[in-house]
Amino acid sequence: MAKQETKNIPHEIPSEIPDDIAAMSFEAAMSELEDIVQGLEGGQVDLDASIALYSRGALLKRHCEARLNAASEQVENIVADSAGNAQSTEAANIE
């Protein structure tokens, strides 16, 4: 039996979100994440590609969570006057 060559497969998901993902809107990242999930659930992807897709999906998930948390913080920072009108907002830190 011939020895099969293995590719370098990352064992860990990077701690920092890559620039291409960081630049995505929430909607674009969620759409790509949904495509990845469908591809993995379909079972038509080989093992190495599945691992790479899973890793990217984890990064997209982390990015989406950060965007949602930032939006939530921004909503919490809206200050309303006595009539219920927004007086000011503070931009949330999404990093």
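Nothing in this text is a laboratory measurement; each read-out follows from the coordinates by a stated rule. These numbers come from a predicted model, not from an experiment.
Normalised by the residues of the stretch 25-88, what does the relative contact order come to in percent, with Cα pairs under 8 Å and at least six apart?
Details: 32 pairs, mean separation 21.1, N = 64.
Value for the stretch 25-88: 33 percent.
For residue 48 and residue 73 in the same chain, what is the full-extension length gain: residue separation times 0.36 nm, less their Cα-Cα distance, in nm?
Numbers: separation 25, 0.36 × 25 = 9.00 nm, distance 3.79 nm.
Gain on extension, residue 48 to residue 73, equals 5.2 nm.
Please compute, over every Cα-Cα pair in the stretch 25-88, the percentage with a separation greater than 19 angstrom.
Working: 998 of 2016 pairs.
Summing the P(r) tail past 19 Å for the stretch 25-88 gives 50 percent.
For the stretch 22-35, in order, what is each residue's ³J(HN,Hα) by Karplus, 6.51 cos²θ - 1.76 cosθ + 1.60 with θ = phi - 60°, in whole Hz (x at glycine and Pro)?
3J(HN,Hα) across the stretch 22-35, in whole Hz: 4, 7, 6, 6, 4, 5, 5, 5, 5, 5, 5, 4, 4, 4.
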